[in-house]
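Heads up: the structure comes next, in structure tokens.
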Amino acid sequence: MKIHLTSVFVDDQAKALHFYTEILGFVKKHDVPVGDEDRWLTVVSPEDPAGTELLLEPAKHPAARTYRDALVQDGIPLVQFAVDDVNGEYERLNGLGVRFIQEPLAMGPVTTAVFDDTCGNLIQIATQPQ
Amino acid sequence: MADDLFKALADPTRRTILDELTEKSGQTLFEICSRLSMKHQLAISRQGVSQHLAVLEAAGLVETRREGRYKFHDLNTAPLRQIAERWLVTDTTGPEKSTP
């Protein structure tokens with residue numbers, strides 16, 4: 001068994017696609033209409049196109065807002081992405097106007113930072129020693 | 001107020017939280033929890049950390065602020081002055097100066 005796909009609820013799929021591809025640098029993998037204006041919309045890392053897909057799922061379920069708002073208020077990230085250099089990525093994303101709510105913080109061997117994905121979620125990036 | 005202050009300072013975990021807020025004011029609950037577990041190997045539940053923060057807040061040492069959808073915790077050292085002023089010797093020629 002392996003993790004093939006995971007998802008984040010997003011306020012607006014078009015806006016999310018822009019943020020996850022143009023800002024973060026992922027690439028679109030699947031984009032299939034699934035009724036109304038909803039899409040089965042996934043992105044992958046350009047470093048691993050056959051790897052785990054991230055589904056940008058419309059946050060239409062009534063429980064989604066409550067759940068996401070509670071996490072954001074306590075600063076809890078929904079997912080974690082691995083990066084080679086948290087500090088460099090922090091500088092790059094900060095320059096693109098991304099709002100960080102936790103600046104890079106070294107915690108033993110791991111360095112993490114947390115930012116707002118502008119679609120309703122907090123995302124953690126982390127650099128771990130290989 | 002003074003009792004709240006001494007009670008808040010009497011706990012080593014709460015002093016560690018204050019140390020971390022001294023390093024950087026304006027932290028989310030998640031960041032404080034991360035620092036306690038990863039930097040200090042303090043395995044405390046999020047609820048436990050929330051309770052410690054509530055004690056610090058009651059003593060006026062921590063203030064919370066909402067910024068849009070986020071909630072940050074800031075350090076306020078003003079109450080500590082009460083401790084210094086309570087026993088401060090105003091006469092500077094006193095025993096404080098006679099340290100060898």
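The values are calculated or read from the model by the stated rules, or taken from the named source; none is laboratory data. Quick caveat, the model's predicted, so the values are computed rather than measured. Here the Cβ is made from the backbone with ideal geometry for all residues, glycine too, and neighbour counts use every protein chain on show. Remember, those area values only see protein heavy atoms, side chains included, never the ligands or the DNA or RNA. Shrake-Rupley method; radii C 1.70, N 1.55, O 1.52, S 1.80 Å.
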Inset, instruction - For the range A:25-99, state which GluC sites (Glu not before Pro) are in a DSSP loop and have at most 13 other beta carbons lying within 10 Å of their beta carbon. - result: A:37, A:47
Inset, instruction - Quick one: order B:52, A:18, B:40 from most to least accessible surface, probe 1.4 Å. - result: A:18, B:40, B:52
Inset, instruction - Using just the helices of the protein assembly as shown, give the 222 nm mean residue ellipticity in deg cm²/dmol: DSSP H runs with n ≥ 4 each add -39,500 (n - 2.57), and the total is spread over all residues, rounded to 500. - result: -10000 deg cm²/dmol
Inset, instruction - Determine the per residue accessible area of chain A with all protein chains present and a 1.4 angstrom probe, expressed in square angstrom. - result: 54 Å²
Inset, instruction - Would you please state the base-10 log of I(q)/I(0) at q = 0.11, 0.13, 0.14, 0.18 1/Å for the protein assembly as shown, with intensities from the Debye formula using one equal scatterer on every alpha carbon? - result: -0.67, -0.86, -0.96, -1.33
Inset, instruction - Taking 20 Å² as the minimum loss, tell me which residues in the range A:99-115 lose that much accessible area going from the chain by itself to the full protein complex (1.4 Å probe). - result: A:99, A:101, A:102, A:103, A:105, A:107
Inset, instruction - Sequence neighbours fewer than 8 away in the same chain don't count; with that in mind, list the lysines whose C-alpha is under 23 Å from residue A:28. - result: A:2, A:15, A:60
Inset, instruction - Pop out the carbon and sulfur fraction of the accessible area of the range B:1-86 as a percent, whole number, probe 1.4 Å. - result: 50 percent
Inset, instruction - Divide, for chain B, the radius of gyration over alpha carbons by 2.2 N^0.38 Å, where N is the residue count. - result: 1.28
Legend entry - Rel. contact order, % - alpha carbon contacts under 8 angstrom, at least six apart, the range A:5-127: 26 percent
Inset, instruction - Quick one: which residues, 5+ away or cross-chain, put their amide H under 5 Å from the amide H of residue A:7? H built at 1.01 Å from N. - result: A:55
Legend entry - Selected from B:55, A:110, A:58, residue furthest toward positive end of dipole (the protein assembly as shown; charges at beta carbon): B:55
Inset, instruction - Report relative contact order for chain B in percent, whole number only (criteria: Cα-Cα under 8 Å, sequence separation at least 6). - result: 29 percent
Legend entry - Prolate/oblate/rounded call for the range A:5-127, Cα gyration tensor, a/c under 1.5 rounded: oblate
Inset, instruction - At 0.36 nm per residue, minus the direct Cα-Cα distance, what do residue A:55 and residue A:32 gain on full extension? Give it in nm, one decimal, please. - result: 7.1 nm
Legend entry - Whole-Hz ³J(HN,Hα) from phi, Karplus 6.51 cos²θ - 1.76 cosθ + 1.60, for the range B:45-62, glycine and proline x: 5, 4, 5, x, 5, 4, 5, 4, 5, 5, 5, 5, 5, 4, 7, x, 7, 10
Inset, instruction - Kindly write out, for the range B:76-85 in residue order, the coupling ³J(HN,Hα) from the Karplus curve 6.51 cos²θ - 1.76 cosθ + 1.60 (θ = phi - 60°), rounded to whole Hz, with x marking Gly and Pro. - result: 10, 8, 3, x, 5, 4, 4, 5, 4, 5
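What's the extension gain from residue B:63 to residue B:11 if we count 0.36 nm per residue and subtract their Cα-Cα distance? Write out the running numbers ahead of the final one.
Details: separation 52, 0.36 × 52 = 18.72 nm, distance 1.83 nm.
Fully extending the segment from residue B:63 to residue B:11 adds 16.9 nm.
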Legend entry - Computed FRET value (nearest 0.05) for residue A:40 with residue B:42, which takes r as the C-beta separation and R₀ as 41 Å: 0.45
Legend entry - Interface burial for B against A (accessible surface, 1.4 Å probe, total of both chains, Å², rounded to 100): 1600 Å²
